[in-house]
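Asks: This is the structure, below, for whatever I ask next.
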Amino acid sequence: MVAEADERPVGAAWLRVFPADDPGYGFVAADVPELSIGVAAAWRGRGMGRALLRAVADRARSAGIGQISLSVERQNHAHGLYVAEGYKIVDPSDANSDTMIKELWELS
């Protein structure tokens, strides 16, 4: 997903699946894609990140994906955004960052 303003890209988000023998920074399982996201500094705090998170989650859900993972430094302002968007900490073992998961389907 790419966020645009004035017909120019200002942010992007994507999912990537990593194998267990070559995990990414926010790896939780080989069948759980990891989120990468970035927003240009001038556009942070203006809703672009939230819009990207929601768009990626909607697309993943419609593709049959049940969870998304990520890792974020605790001091990163986006940490609060992820929590507000439903990401839960599943691994706080790193001294500076948390690995989080968002459940995309309601559990019964």
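The values are calculated or read from the model by the stated rules, or taken from the named source; none is laboratory data. Everything numeric here is computed off the predicted structure, so don't read it as measured data. Backbone-built Cβ (ideal geometry, glycine too); neighbour counts: all protein chains shown.
Asks: Mind checking which pairs have a first residue in the range 49-70 that is free of Cβ contacts under 8 Å to residues at least 60 places away in the same chain and a second that is of a type in the set (Lys, Arg) and surrounded by 15 or more Cβ atoms within 10 Å (Cβ to Cβ), Cβ under 6 Å, 6 or more apart or different chains?
Replies: The qualifying pairs are ILE68/LYS102.
Asks: State which residue is farthest from MET100 (Cα to Cα) when the search covers only the range 7-29 and only residues that are surrounded by fewer than 13 Cβ atoms within 10 Å (Cβ to Cβ) and out of contact with any strand residue (DSSP E or B) (no Cβ under 8 Å at 6 or more places or on another chain). Show your work before the answer.
Replies: Within the range 7-29, the first condition is being surrounded by fewer than 13 Cβ atoms within 10 Å (Cβ to Cβ), and the residues that meet it are 7-9, 16, 19-22.
Subsequent filtering for residues that are out of contact with any strand residue (DSSP E or B) (no Cβ under 8 Å at 6 or more places or on another chain) retains 7-8, 19-22.
Numbers: GLU7: 32, ARG8: 30, PRO19: 18, ALA20: 17, ASP21: 20, ASP22: 19 Å.
Here the residue is GLU7.
Asks: Given the conditions (1) touching a Gly at 6+ places or on another chain (Cβ under 7 Å); (2) of a type in the set (D, E, K, R); (3) surrounded by fewer than 17 Cβ atoms within 10 Å (Cβ to Cβ), which single one is not true for GLU34?
Replies: (3)
Asks: Inspect all residues belonging to the range 51-66 and state whether any of them is touching a helix residue (DSSP H, G or I) at 6+ places or on another chain (Cβ under 6 Å) and at pLDDT 95 or above.
Replies: Residues of the range 51-66 touching a helix residue (DSSP H, G or I) at 6+ places or on another chain (Cβ under 6 Å): none.
There is no residue in the range 51-66 that is touching a helix residue (DSSP H, G or I) at 6+ places or on another chain (Cβ under 6 Å) and at pLDDT 95 or above.
Asks: Return only the number of the condition from (1) modelled with pLDDT of 95 or more; (2) surrounded by 13 or more Cβ atoms within 10 Å (Cβ to Cβ); (3) within 16 Å of ILE101 (Cα to Cα); (4) not basic (Lys, Arg) that ALA40 does not satisfy.
Replies: Among (1) modelled with pLDDT of 95 or more; (2) surrounded by 13 or more Cβ atoms within 10 Å (Cβ to Cβ); (3) within 16 Å of ILE101 (Cα to Cα); (4) not basic (Lys, Arg), ALA40 violates only (3).
Asks: Yes or no: ARG44 of a type outside the set (A, V, I, L, M, F, W, C) and touching a residue at least 40 places away in the same chain (Cβ under 8 Å)?
Replies: When the stated conditions are applied, ARG44 does not pass them.
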